[in-house]
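Starting off with a structure, shown below.
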Amino acid sequence: MILKSFLYAVTLLWVGAVNAAQYCDPVTSVCYSETKAGDLYVRVAIPMADNGPFDILLQLVAPKQTAGWAAIAWGGKMTKNPITVAWANGNKTVVSSRWANTRTPPVAYPTATYTVLRGSTSNATHWTLTALCSQCATWTADNVKSALNPNDKAAKFAYALSPTPPSQPANNASSITKHTIHATFTVDLAAAKSDKFQEYITSLA
Ligand code: HEM
């Protein structure tokens, strides 16, 4: 009996550890692979693809005080990969598709497009972006194609943020000031796969 309880506890702990990267939104029931990057929660859901291109459901949750803007770079570095920048605007959030060839303010990147979805809100303490990105999973730089591997349990991403909000929060082409923090982190893309992906998108539209 004691052995049984012990094994049960171990199993629970093990399942807990394996699922540590899973976050299911209690309101929408959408499940994401979640990583905490500094103060920023990065949540990703993808379809059951084995290679790119595929659309990506992205949720960023950031504390207002720390993140006047926050961004993720899909290839794990500042330059030559798609960058998603987001910030609060009133009680909503704004997303901006950017790209940097050099370590200078990233410019608009029209190749990657976003649909802002339900659950993109801002309150007194936090802002949340929920968006579908098309063309964040594949990109071309210097004639070299890169693609996220949807089976990667530790895909390398980068994030950056600044407490200074953009100068024109309503305008997604607004200039931003340089980050105060930047770092790399990994995302479990294999855990982001969901056979409910299309259902999620429809339910959040
Ligand atoms: C006004 C906008 C920006 C400027 C002027 C800028 C400038 C720079 C500079 C000069 C560096 C070299 C190291 C340092 O000085 O800290 C750097 C590094 C870095 N930046 Fe930016 N940056 C900007 C926006 C962004 C954004 C939106 C991201 C998105 C994640 C980002 C991600 C990074 C990362 C990950 C590094 C580390 C080195 C690398 O990956 O190249 N930066 N940045």
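Return 66, 125 ranked ascending by Cβ neighbour count within 10 Å, so the fewest neighbours appear first.
125, 66
Below 13 Å, Cα to Cα, which aspartates and glutamates can residue 193 reach? Residues fewer than 8 away in the same chain don't count.
Result set, ordered by chain and number: 34, 50, 55, 152.
Pick from 120, 167, 33: which is most flexible by mean-square fluctuation in a GNM of the chain where alpha carbon atoms under 10 Å apart are linked?
Top of the fluctuation ranking is 167.
Under the rule of -39500 (n - 2.57) per DSSP H run of 4 or more residues, summed and divided by the residues of the chain, what mean residue ellipticity at 222 nm is obtained, to the nearest 500 deg cm²/dmol?
-4000 deg cm²/dmol
Given 77/145; 77/178; 36/145; 64/92; 80/145, which pairs have Cα atoms separated by over 18 Å?
In this structure, 36/145 exceed 18 Å between Cα atoms.
Counting only trypsin sites (Lys or Arg not before Pro) that are in a DSSP loop and have at most 12 other C-beta atoms within 10 Å, tell me the longest site-free stretch of the chain.
1-102
Estimate the FRET efficiency between residue 146 and residue 182 by the formula 1/(1 + (r/R0)^6), using the beta-carbon distance for r and 22 Å for R0, to the nearest 0.05.
Given R0 = 22 Å and the Cβ-Cβ separation, E is 0.65.
Hey, another quick one. Which of 83, 56, 181 ends up with the largest GNM mean-square fluctuation for the chain, with Cα atoms connected below 10 Å?
Most flexible of the set in this elastic network: 181.
Taken together, the values in this text are just the output of simple stated rules run on the coordinates, not laboratory data. Since we're looking at a predicted model, the values are computed, not measured. Methodologically, a virtual Cβ is constructed for each residue, glycine included, from the backbone with ideal geometry; neighbour enumeration extends over all protein chains shown.
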